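K.L.:
Have a look at this one before I ask anything.
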Amino acid sequence: MTLQSVIHALIGGVLIGSSVSLMLLGLGRIAGVSGLFGSLITGRATPVALWFVVGLLAAPWVASLLGVWARPDYLANPVWPKLLFAGLLVGIGTHLGSGCTSGHGICGMANLSQRSLTATLTFMGVAALVVALGFGGVA
């Protein structure tokens, strides 16, 4: 771990915390990404949901343009089937768990929600198990 990676993580944490706080305090909405993204798919998206998702998708592109992050070339390595399968599993998990990592792990934990504590412990435990078993890599 380098100082640069620590600084990037700190900046990312401040940006996530700020956006979640602004959304909750300004709009009274929890920034659960699966719910925001789901509203786009179902056609019930608010302008806030649209811009939140656009910001999530644009952030890596903007960071690579600014030279802050070197975007990996996913097209050079045929990982799309694995990424699509992983996305499908995440979607199923967020449906079963009534929320995603951002909704439970950031917003729910901050609200001391028992359900969010259980969900966060579950997905963090499964993530650790997946990495320990050697399934953590995409390529």
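The values are calculated or read from the model by the stated rules, or taken from the named source; none is laboratory data. Since the model is a prediction, treat every value here as computed from it, not as a measurement. Note that each Cβ is placed from the backbone with ideal geometry, even for glycine, and that neighbours are counted across all protein chains shown. Only protein heavy atoms, including side chains, enter the accessible area calculation; ligands, DNA and RNA are left aside. Shrake-Rupley method; radii C 1.70, N 1.55, O 1.52, S 1.80 Å.
K.L.:
Bins of 10 Å, beginning at zero and ending with the bin holding the largest distance: percent of Cα pairs per bin for the range 1-110, please.
P.N.:
Values per bin, smallest distances first: 12, 35, 40, 13, 0.
K.L.:
Here is a follow-up. Anything in the chain that counts as a DSSP H helix reaching 30 Å or more along its axis (C-alpha) with Kyte-Doolittle mean of at least -1.0? List them, would you? Write out the running numbers ahead of the final one.
P.N.:
Details: long enough: 3-27 (35 Å, 1.80).
Length and hydropathy pass: 3-27.
K.L.:
For a quick check of your reading of the filter: which chymotrypsin sites (Phe, Trp or Tyr not before Pro) in the range 1-100 sit in a DSSP loop and have no more than 16 other Cβ atoms within 10 Å? Each step should come with its number before you reach the end.
P.N.:
Numbers: sites: PHE37, TRP51, PHE52, TRP61, TRP69, TYR74, PHE85; in loops: TRP69.
Loop-located and lightly packed - TRP69.
K.L.:
Further question: How much accessible area per residue does the chain have, in Å², with a 1.4 Å probe? Before the final figure, lay out the partial values.
P.N.:
Details: 10120 Å² over 139 residues.
Heavy-atom SASA per residue in the chain reads 73 Å².
K.L.:
Here's something else I'd like to know. Of ALA110, ALA31, ALA49, which is the most mobile in a GNM of the chain whose springs link Cα atoms less than 10 angstrom apart?
P.N.:
Highest fluctuation of the listed residues: ALA110.
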